[in-house]
2 protein chains.
Amino acid sequence: MNEKNLQVVLASRPAAAAGESDFRFVEAAVPDLREGDFLVRVDWLSLDPYMRGRMNEGKSYAARVELGEVMVGGAVGTVVSSRHGGFAEGDKVLGSFGWQRFAVSDGKGVMKLPDPRLPETVWLGAAGMPGITAWMGLGQVGSPRPGETVVVSAASGAVGSVAGQLAKIAGCRAVGIAGGAAKCEHAVKALGFDECIDYKAGPIDAALKAAAPGGVDVYFDNVGGAILDAVLRRVNTGARIPLCGLIAGYDGADIPIRNVFSLLVNRVRLQGFIVSDRMDLWPAAMRELAGHVAAGRIRYHETVAHGLENAPRAFLGMLRGENLGKQLVKVS
Amino acid sequence: MNEKNLQVVLASRPAAAAGESDFRFVEAAVPDLREGDFLVRVDWLSLDPYMRGRMNEGKSYAARVELGEVMVGGAVGTVVSSRHGGFAEGDKVLGSFGWQRFAVSDGKGVMKLPDPRLPETVWLGAAGMPGITAWMGLGQVGSPRPGETVVVSAASGAVGSVAGQLAKIAGCRAVGIAGGAAKCEHAVKALGFDECIDYKAGPIDAALKAAAPGGVDVYFDNVGGAILDAVLRRVNTGARIPLCGLIAGYDGADIPIRNVFSLLVNRVRLQGFIVSDRMDLWPAAMRELAGHVAAGRIRYHETVAHGLENAPRAFLGMLRGENLGKQLVKVS
């Protein structure tokens with residue numbers, strides 16, 4: 001193959017906020033395929049907050065990215081050549097191909113796109129890892145019952161948007177929390193949240209009380225920090241808090257939980273979870289989510305950066321909340 | 001009846017640490033019995049940390065004690081006269097009779113002592129509310145599996161001592177945390193904990209690492225605060241934390257959870273629980289615990305204050321950790 005591979009590798013571990021200098025672009029040869037491998041041209045790269053954790057020295061959900069290694073990331077691509085019996089040239093595939101134009105795979109953890117009728121990017125969003133994350137946290141930890149109130153932070157994001165819509169499908173009142181009027185308007189008008197609170201407009205306590213007058217039964221938390229404490233002031237007895245992410249602390253900020261008594265007094269179940277722990281549930285989740293998307297019950301918005309060259313900037317912008325919905329990079 | 005009743009009522013709500021002046025002694029007439037009531041002479045009063053929460057203005061597990069009201073408390077007593085079909089003079093009964101010498105009851109929430117072969121105080125301790133608390137938190141939230149490591153704070157206390165021994169019965173390694181060398185020695189030598197860490201001897205991190213070299217699978221937490229954070233640094237993936245009490249914060253100290261990332265990264269389930277939420281489980285728990293006590297598999301130690309006059313002092317001492325094991329007041 002004559003084409004060169006372009007890769008984004010981790011150049012340095014961020015001391016606090018990550019910056020563009022923490023990434024480095026590398027040109028590499030596309031290797032020859034060994035028997036059992038196939039070559040994927042990456043079409044769409046998914047950018048997700050968890051990647052920030054992989055850049056750190058310490059233990060994250062999974063193995064960190066080492067310095068000089070290609071940044072991890074889910075992607076949708078096209079098989080361009082194959083010496084693997086299960087994958088043929090032209091196959092559209094979903095896998096952890098990383099921040100690069102081409103990836104060699106032995107098929108492990110790779111699947112063909114399950115349903116060609118849906119847009120291929122949906123498998124990186126509402127019917128992919130972020131959607132499954134929402135499905136799993138809400139289903140396995142949140143267990144919402146009809147009539148309950150479900151609060152979702154980062155409500156307009158790839159995970160939160162699905163969590164809120166699944167709460168509505170479950171017959172719950174869905175209250176979003178998001179940064180800025182535009183995101184909140186999107187959450188209510190496009191995604192169907194009952195209400196959405198703009199945390200950038202000031203402390204959320206009064207707005208939360210108004211939006212969840214009967215208290216909070218489930219809090220799907222993507223952010224941690226002061227917002228988690230505010231919600232803890234409004235939780236009902238027996239509330240469940242699927243702890244999905246801690247964006248507020250990803251750059252090293254101290255984000256203690258201060259309202260610890262609420263956990264005890266209200267018998268709260270607070271549970272961290274990682275979507276990759278239950279790969280056995282992914283097929284069922286993807287089927288269900290794809291069905292919701294196809295039926296229009298789950299909607300989504302995408303923000304697309306064009307070209308792998310723009311991946312770091314798009315990623316950093318996403319961490320600052322500059323995107324709306326699912327952040328993607330159109331690579332090829 | 002000619003005898004006067006002596007009662008301990010809540011005189012004021014403590015601003016920080018509770019003191020003797022927050023209690024007041026009241027002499028009252030023992031009322032005549034109405035049809036359906038019976039009169040109990042309180043023999044043993046149980047003193048428990050949860051009572052501190054009931055003294056506060058704010059929401060606690062259950063209704064607070066109002067100013068001028070008799071302090072709540074479980075007790076063992078003897079029926080001295082009865083106009084109730086189900087209870088006769090001489091019956092030994094267990095109920096929430098409060099901090100007083102005599103209590104009138106309609107039988108609601110009162111049971112006859114289930115097994116006369118056991119010492120009657122066991123129903124206030126290892127086979128009573130504190131033991132059931134340990135049983136419930138460990139069983140319903142902790143779910144220890146053989147070979148796992150269970151850490152218990154306030155390990156020599158009425159709840160912690162049972163939690164640790166139940167962990168041993170479940171085939172786990174039991175590591176206690178307690179204040180002072182004497183309590184730790186008691187936990188290991190009398191109760192059978194594998195190890196016990198004296199938190200008063202300094203930061204517990206190194207000792208915890210040594211005592212739980214394979215990490216912590218279950219942390220039965222009675223105290224919260226810095227000890228919870230230290231344990232969060234050592235939890236294994238999928239750890240469970242039954243949150244039973246927050247003694248470190250009962251006097252108003254700020255006790256944030258700082259190690260929030262551990263909850264996420266290690267997929268920790270942290271769950272507050274209150275033993276009175278599941279009264280349906282009490283009979284089975286009492287049977288099981290009484291069986292363990294009768295067989296010598298669960299041991300316990302009692303600290304007894306003599307006379308209701310000494311109840312406030314004993315209670316305050318217990319909150320400071322001055323007792324060993326179950327704190328009781330011999331009332332009559």
Of all residues in region A:1-42 being of a type in the set (Lys, Arg) and more than 28 Å from the chain's Cα centre (by Cα), the one that is surrounded by the most Cβ atoms within 10 Å (Cβ to Cβ)
A:Lys4
Filter region A:178-227 down to the residues that are touching a residue at least 60 places away in the same chain (Cβ under 8 Å) and surrounded by 23 or more Cβ atoms within 10 Å (Cβ to Cβ) and list them by number.
A:Lys183, A:Leu191, A:Ala212, A:Val216, A:Asp217, A:Val218, A:Tyr219, A:Phe220, A:Asp221, A:Asn222, A:Val223, A:Ile227
Which condition number in (1) touching a Leu at 6+ places or on another chain (Cβ under 6 Å); (2) in a helix (DSSP H, G or I); (3) within 14 Å of chain A (Cβ to nearest Cβ) is the one that B:Arg278 fails?
(1)
Across region B:300-316, what is the total count of residues that are farther than 19 Å from B:Gly19 by Cα and buried (at least 16 other Cβ atoms within 10 Å of the Cβ)?
4
Of the residues A:Val159, A:Val152, which single one is under 19 Å from the mean Cα position of the chain (by Cα), in contact (Cβ under 8 Å) with a residue 12 or more places away in the chain and within 14 Å of chain B (Cβ to nearest Cβ)?
A:Val159
Output for region B:249-266, where each listed residue is more than 9 Å from chain A (Cβ to nearest Cβ) and among the aromatic types (Phe, Trp, Tyr):
B:Tyr250
Given the structure, is A:Pro283 in a helix (DSSP H, G or I) and not aliphatic (A, V, I, L, M)?
yes
Out of B:Gly68, B:Gly73, I need the residue that is crowded, with 21+ Cβ neighbours inside 10 Å, outside the structural domain of B:Tyr250 (by TED's automatic domain parsing) and either in contact (Cβ under 8 Å) with a residue 24 or more places away in the chain or among the hydroxyl-bearing types (Ser, Thr, Tyr) (or both). Which one?
B:Gly73
Given the residues B:Asp43, B:Asp37, which is the only one that is charged (D, E, K, R), touching a helix residue (DSSP H, G or I) at 6+ places or on another chain (Cβ under 9 Å), more than 14 Å from chain A (Cβ to nearest Cβ) and touching a residue at least 40 places away in the same chain (Cβ under 8 Å)?
B:Asp43
Can you tell me which condition B:Glu57 does not meet? The list is (1) within 14 Å of chain A (Cβ to nearest Cβ); (2) within 30 Å of B:Ala127 (Cα to Cα), and all the others hold.
(2)
When residues of region A:99-112 are filtered for being surrounded by fewer than 20 Cβ atoms within 10 Å (Cβ to Cβ) and assigned to a loop (DSSP other than H, G, I, E, B), how many remain?
4
Boolean, B:Phe273 is of a type outside the set (D, E, K, R), in contact (Cβ under 8 Å) with a residue 40 or more places away in the chain and within 14 Å of chain A (Cβ to nearest Cβ):
yes
With respect to B:Asp221, is the statement that it is within 11 Å of another protein chain (Cβ to nearest Cβ) and closer than 23 Å to B:Glu57 by Cα true?
no
Here the residues within region A:287-299 that are crowded, with 18+ Cβ neighbours inside 10 Å and either assigned by TED's automatic domain parsing to the domain that holds A:Trp135 or not in a helix (DSSP H, G or I) (or both) are A:Ile298
State whether one or more residues within region B:249-256 are modelled with pLDDT of 95 or more and not in a loop (DSSP other than H, G, I, E, B).
no
Quick check on region A:238-248: of everything there that is more than 8 Å from chain B (Cβ to nearest Cβ) and assigned to a strand (DSSP E or B), which residue is nearest to A:Arg64 (Cα to Cα)?
A:Pro242
Residues that are assigned to a strand (DSSP E or B) and surrounded by fewer than 19 Cβ atoms within 10 Å (Cβ to Cβ), drawn from region B:317-332
B:Lys330
Go over the candidates B:Gly107, B:Gly77, B:Gly90, B:Gly86 one by one and state the one that is over 27 Å from B:Tyr250 (Cα atoms) and touching a His at 6+ places or on another chain (Cβ under 8 Å).
B:Gly107
Can you tell me which of A:Gly160, A:Gly125, A:Gly171 is buried (at least 24 other Cβ atoms within 10 Å of the Cβ) and either of a type in the set (Ser, Thr, Tyr) or under 30 Å from A:Asp205 (Cα atoms) (or both)?
A:Gly160
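The values are calculated or read from the model by the stated rules, or taken from the named source; none is laboratory data. No experiment lies behind these values; they were computed from the predicted model shown. When we count neighbours, we look across all protein chains shown, and the Cβ atoms used for this are built from the backbone with ideal geometry, even at glycine.
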